[in-house]
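As structure tokens, the structure follows; a few thoughts come after it.
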Amino acid sequence: MASSHSTIIFIATLVVLATSISAKEYIVGDGSGWTLDFDYQAWAKDKVFTVGDTLVFNYAPGAHNVMKVDGNNFQQCNIAPLLNGTLTSGRDVIPLKTSGMKWYICGVGKHCELRKMKLAIAVLPQTMTPAPAPSVSQSSKLTVPSIYGFLVALFGSLVLLLA
Ligand SMILES: [Cu+2]
């Protein structure tokens, strides 16, 4: 009996851990990459970004860059002051470490103002279940199942160790 209980808990633990680490990588603009005159708001609209996911900006180095800015500077395409410096590698990988709104613009020429090189996304906290459409009011509710899942996983692991 004890061993079958352990097996069930072990499987439950694996499921919880697997869902909590299933991070996604989003290629910004997909095959088009980070480029002129692409509608990044339309690209982001049907995607759910979660803490642990990563954004990848692909472009020819020198042609563009990636700057993380705040909401006001995003609206005005103002490249100063910068929050996190400028990314220029041409394959810039940005881990989404915290929840909330994130804003990115291209700081080359007037690419942000005139050529639509600006991306705003809402990042949700980690959660066990597939997240519904992004909404600010849901962010606080989604934190609870995430912590609950972690505790279940922790407790399951402890039971396994003791079994
Ligand atoms: Cu650009």
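Which whole-Hz ³J(HN,Hα) couplings does segment 36-51 yield from phi under the Karplus relation 6.51 cos²θ - 1.76 cosθ + 1.60, θ = phi - 60°, glycine and proline marked x?
Once θ is set to phi - 60°, the couplings for segment 36-51 become 6, 6, 9, 8, 6, 5, 5, 4, 7, 4, 9, 10, 10, 9, 10, 3 Hz.
Between beta-carbons, use under 15 Å as the cut-off and find the net charge around ARG91, counting Lys and Arg +1, Asp and Glu -1.
Details: positive: none; negative: GLU25, ASP30, ASP92.
Neighbourhood net charge equals -3.
Any read-out appearing in this document is the output of simple, stated calculations on the displayed coordinates, not a laboratory observation. None of these values were measured; they are calculated from a predicted model. Methodologically, a virtual Cβ is constructed for each residue, glycine included, from the backbone with ideal geometry; neighbour enumeration extends over all protein chains shown.
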